[in-house]
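Comments concern the structure below.
The values are calculated or read from the model by the stated rules, or taken from the named source; none is laboratory data. Remember, predicted model here, so these are calculated numbers, not experimental data. Cβ placement follows ideal geometry from the backbone for every residue including glycine, while neighbour counts extend to all protein chains displayed.
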Amino acid sequence: MNLGQSATPLGKVTGLGSAHHGGEHWLSERVTSAALLLLGAWLIASLLFLPSFDRATLAEWLAAPSGAVPMALLVIAAFKHALHGMKVVVDDYVHVEGNRFTLNTLLLFLAIGGASLALFALGRMAFGGSA
Amino acid sequence: MLVSILHRMTGAALSFAGLALLVWWLTAIAGGTEAYADFTKAAAHPIGLIVLVGLTWAFFQHLLSGIRHLVMDSGAGFELETNKRFAVLTLAGSLLLTLLVWVPQLGAMR
């Protein structure tokens, strides 16, 4: 809606940009990136300190709270960050409204599906006793 | 320019290939000896190694150019000289970090 002269400064700029909304989205992208910076450093350090990469060692590492909790957080932050990032790419390059909505919805399903699978695997190791 | 588009490309690679690999790795560890053997067999295959080294580089490149973007979000680093130096540093840094991770690994595999 064009309110011309009577629009407030905020009213003049909301809805611009390729997603037509998105201040929270922009911020969330940066907050998850900061989380991934920390969790990524944790992952690299953990892998460096593991005595070996055989299955038993890894399963024991991920079954303990000190491994399972940061890894679950990493999975959530990584999928959220990836989903946000891919949405920015879709919003920038896909101009037909219906296609954009469909692609963004598919990405959402893919992200939730992938994250759920990873969290299920972690839960199985932490609570299942099969490790 | 190059570093900016690389941020998107490495981000897309990490989102699809990187996260698929993370999910496969975690489900394989949880799945048992056989599932994990399938994973390590694929990872040790020459193509698997190329993918892993490539994703390692993509991770570091995306991480470093992500830090560059955070600095630029704060309004700093827009002078042409500084901006260019920072961009080149992300390229050199990602290459160096990838080598640091993989040279000992590949050395141990020989």
Fill in the blank from the handout: Checked segment B:28-58 for anything in contact with a Leu (Cβ under 6 Å, 6 or more places away or on another chain) and not small (Gly, Ala, Ser); matches are B:Ile29
Exercise for the section: Would you check which residues across segment A:1-35 are modelled with pLDDT of 75 or more, of a type outside the set (A, V, I, L, M, F, W, C) and outside any helix (DSSP H, G or I) and list them? Expected result: A:Thr8
Practice task
Please go through segment A:81-131 and pick out each residue that is in contact (Cβ under 8 Å) with a residue 60 or more places away in the chain and either among the acidic types (Asp, Glu) or at the interface with another protein chain (Cβ under 8 Å from one of its Cβ atoms) (or both).
Solution key: A:Asp91, A:Asp92, A:Leu122, A:Met125, A:Ala131
Practice task
Would you please list the contacts, defined by Cβ atoms under 6 Å and residues six or more apart or on different chains, that run from a residue in segment B:1-15 that is at the interface with chain A (Cβ under 10 Å from one of its Cβ atoms) to a residue that is of a type in the set (Ser, Thr, Tyr)?
Solution key: B:His7/B:Ser65
Practice task
Would you confirm whether any residue within segment A:60-80 is more than 22 Å from the chain's Cα centre (by Cα), assigned to a helix (DSSP H, G or I), within 10 Å of another protein chain (Cβ to nearest Cβ) and hydrophobic (A, V, I, L, M, F, W, C)?
Solution key: yes
Problem - Among the candidates A:Ser46, A:Ser52, residue that is farther than 19 Å from B:Ala17 by Cβ and either in contact (Cβ under 8 Å) with a residue 12 or more places away in the chain or assigned to a helix (DSSP H, G or I) (or both) - result: A:Ser46
Fill in the blank from the handout: Screening B:Phe86, B:Phe39, B:Phe60 for residues that are of a type in the set (A, V, I, L, M, F, W, C), farther than 24 Å from A:Asp54 by Cβ and either modelled with pLDDT of 95 or more or in contact with a strand residue (DSSP E or B) (Cβ under 7 Å, 6 or more places away or on another chain) (or both) leaves only B:Phe60
Problem - Selection status of B:Ala37, in contact with a Lys or Arg (Cβ under 6 Å, 6 or more places away or on another chain) and either in a helix (DSSP H, G or I) or in contact (Cβ under 8 Å) with a residue 24 or more places away in the chain (or both) - result: no
Problem - Verdict on A:Gly98 being among the small types (Gly, Ala, Ser) and within 21 Å of A:Leu37 (Cβ to Cβ) - result: no
Problem - Selection status of B:Ser65, under 21 Å from the mean Cα position of the chain (by Cα), more than 27 Å from A:Leu117 (Cα to Cα), within 12 Å of another protein chain (Cβ to nearest Cβ) and touching a residue at least 12 places away in the same chain (Cβ under 8 Å) - result: yes
Handout entry: Filter result (over 18 Å from B:Leu14 (Cα atoms) and surrounded by 18 or more Cβ atoms within 10 Å (Cβ to Cβ)) within segment A:79-99
Key = A:Asp91
